[in-house]
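Student: The following block contains the structure, expressed as structure tokens.
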Amino acid sequence: MSTKISRRPATHPRTPWMATAALLSLAAAPAHASLFSGDTLDAVANGAAWVVLFIAPLAGIGIFLLIHILPEKIAEKKQHPQLDAIKTLCLLSLVFGGMLWPLAWLWAYSKPVLHKIAYGTDKAPVHGGDDALHPLADAEVGDTSKES
């Protein structure tokens, strides 16, 4: 019994990879940092600075506000009976940095089961364009019994 470990002969000779890498790096084309040079590069950099400093933040704030009013638009479309409360929660969410927004989103998509039990419907009455109180006009309409 022999305990001799046999080594398998290498079938591929080893290539000097360092020499190959050095030759390939010498054959590479020089790198350029930009497509532009001189005054054109300055003009492109100034334009990019304006976009990054002013246009992108304004666009970000606008998109943030548009996304923030989505729950109230959804509740309005679905005629949710608690639309005013959802609008208030969206405004409070703006004050608290958007942390209440997921609650407003869930509330807008929820079915108002207790409202349906209490009032027999899960839809809010359609509001007219003018929901303001008009005490003088309401008093004049209600005063028809005194004229007779």
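The values are calculated or read from the model by the stated rules, or taken from the named source; none is laboratory data. Everything numeric in this text was worked out from a predicted model, so none of it was measured. Neighbour counts are summed over all protein chains in view; Cβ atoms, including those assigned to glycine, are modelled from backbone coordinates with ideal geometry.
Student: How many of the residues in the range 69-81 are buried (at least 17 other Cβ atoms within 10 Å of the Cβ) and farther than 9 Å from Ala108 by Cα?
Tutor: Matching residues across the range 69-81 total 1.
Student: Here is a list of conditions, (1) in contact (Cβ under 8 Å) with a residue 24 or more places away in the chain; (2) among the hydrophobic types (A, V, I, L, M, F, W, C); (3) in contact with a Ser or Thr (Cβ under 6 Å, 6 or more places away or on another chain), and Leu100 meets all of them except one; can you say which number that is?
Tutor: Result: Leu100 fails condition (1) only.
Student: Any idea which residue in the range 82-112 is nearest to Asp122 (Cα to Cα), counting only those that are charged (D, E, K, R) and in a helix (DSSP H, G or I)?
Tutor: Asp84
Student: Under 9 Å between Cβ atoms, at least 6 apart or on separate chains: pull out the pairs that start in the range 38-66 with a residue that is more than 30 Å from Lys87 (Cα to Cα) and at pLDDT 95 or above and end on any residue that is among the β-branched types (Val, Ile, Thr) and surrounded by 10 or more Cβ atoms within 10 Å (Cβ to Cβ).
Tutor: Listed by first residue and then by second, the contacts come to nothing, as the list is empty.
Student: Scan the range 30-65 for residues that are among the aromatic types (Phe, Trp, Tyr), under 27 Å from Leu94 (Cβ atoms) and either in contact with a Leu (Cβ under 7 Å, 6 or more places away or on another chain) or surrounded by 11 or more Cβ atoms within 10 Å (Cβ to Cβ) (or both) and jot them down.
Tutor: Within the range 30-65, Phe64 is the sole residue that qualifies.
Student: Are there any pairs, at least 6 apart or on different chains, whose C-beta atoms fall under 7 Å, with the first in the range 76-97 and of a type in the set (A, V, I, L, M) and the second surrounded by fewer than 16 Cβ atoms within 10 Å (Cβ to Cβ), and if so, which?
Tutor: Filtered contacts from the range 76-97: Leu89/Leu103.
Student: Name the single residue that is modelled with the lowest pLDDT among those in the range 10-20 being exposed (fewer than 10 other Cβ atoms within 10 Å of the Cβ) and either part of a helix (DSSP H, G or I) or charged (D, E, K, R) (or both).
Tutor: Arg14
Student: Same structure again: Given the criteria modelled with pLDDT of 85 or more and either out of contact with any helix residue (DSSP H, G or I) (no Cβ under 7 Å at 6 or more places or on another chain) or not in a helix (DSSP H, G or I) (or both), does Pro125 qualify?
Tutor: no
Student: So which residues in the range 92-107 are surrounded by 14 or more Cβ atoms within 10 Å (Cβ to Cβ) and over 16 Å from the mean Cα position of the chain (by Cα), if there are any at all?
Tutor: Once the filter is applied, which keeps residues that are surrounded by 14 or more Cβ atoms within 10 Å (Cβ to Cβ) and over 16 Å from the mean Cα position of the chain (by Cα), the range 92-107 yields Leu92, Trp107.
Student: Moving on to the next point. Checking Gln79 against (1) in a loop (DSSP other than H, G, I, E, B); (2) at negative phi, which single condition isn't satisfied?
Tutor: It is condition (2) that Gln79 fails.
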